[in-house]
Amino acid sequence: MIDDESARAVRHWRATAPDTVLLDGFHALKHALRFGAEVRAAVTSDKAAAVELAEDLADDLTGVIADLLVEVDTGTLRDLVPRVHPTRVAALAVRRGRRANLDELSQRPRQAPVVVLDNPRNLGNVGAVVRLAAGFGATGVVTTGDIDPWHPNAVRSGAGLHFATAVERLPGDALPEGPLYALDPEGEDIRSMAIPDDALLAFGSERHGISPELRKRATRLVALPMRPQVSSYNLATSVAMALFHWGGPA
């Protein structure tokens, strides 16, 4: 039988869900809170286990998480989310403001590159890139094309780190200012150059690579080292290699 607190939490969740972003799992909630997300609702089917996890992995947030979480039964949690995360935690947060994101992306001089994903097709890859960008301290991630980088599948893959960096979708002709370094197999070896802090690092789609329009506009074409007969790297791997090169010794 569902108690009054759980019943109120379920009603609040259903009223809040259409205008918020799903944080799927404990780690997504933890990261979102650390980077200032406004969390509107949080539920779990095992509050004691979730608080114990917070004590082990996020002792800076244990009290906050304990106050936010409302315990609901397993069946109710299953009804509220597309699939139950192994940590049995889910939350809803307000998406980062577009205006603030655009201001952050356009601010000059930038102290770190903007990652541009040119018409990506795989939402899991988009989320993985957001997670990388947050970890490296990139200014943000911009996508072109028709998929939403804040889609629930991308947020799930990003483990809540969409709140740690500026993530937006923009038309290809409205990218932030800055030198455009486009990853392309015909480019110069990345090991032969330094990538400026205010660069746009552009990566093509998983199947087709960089678009002809973006390739034409590039300040420089950049190639990652690759063994002959290997056709490509995974998108997130390519981004990680480029950001690691940017952040490494000059």
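Listed values, structure above:
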| item | result |
| --- | --- |
| Residue identified as in a strand (DSSP E or B) and either of a type in the set (Lys, Arg) or surrounded by 14 or more Cβ atoms within 10 Å (Cβ to Cβ) (or both) among Val64, Val10, Val43 | Val43 |
| Residues satisfying the stated conditions in segment 206-233, i.e. part of a loop (DSSP other than H, G, I, E, B), modelled with pLDDT of 90 or more and surrounded by fewer than 16 Cβ atoms within 10 Å (Cβ to Cβ) | Thr219, Pro225 |
| Options Arg96, Arg83: the member that is charged (D, E, K, R), in a loop (DSSP other than H, G, I, E, B) and in contact (Cβ under 8 Å) with a residue 60 or more places away in the chain | Arg96 |
| Residues of segment 126-151 that turn out to be surrounded by fewer than 22 Cβ atoms within 10 Å (Cβ to Cβ) and either assigned to a loop (DSSP other than H, G, I, E, B) or in contact with a strand residue (DSSP E or B) (Cβ under 8 Å, 6 or more places away or on another chain) (or both), as a count | 7 |
| Condition check for Thr87: open to solvent by less than 20 Å² (accessible area, probe 1.4 Å), of a type in the set (Ser, Thr, Tyr) and at pLDDT 95 or above | no |
| Residue satisfying all of: in segment 160-189; touching a strand residue (DSSP E or B) at 6+ places or on another chain (Cβ under 9 Å) and assigned to a loop (DSSP other than H, G, I, E, B); farthest from Glu213 (Cα to Cα) among these | Gly160 |
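The values are calculated or read from the model by the stated rules, or taken from the named source; none is laboratory data. All figures in this text were calculated on a predicted structure; none of them were measured in a lab. Cβ atoms come from the backbone with ideal geometry, glycine included; neighbour counts cover every protein chain shown. Ligands, DNA and RNA are excluded from the accessible area calculation, which covers all protein heavy atoms including side chains. Shrake-Rupley method; radii C 1.70, N 1.55, O 1.52, S 1.80 Å.
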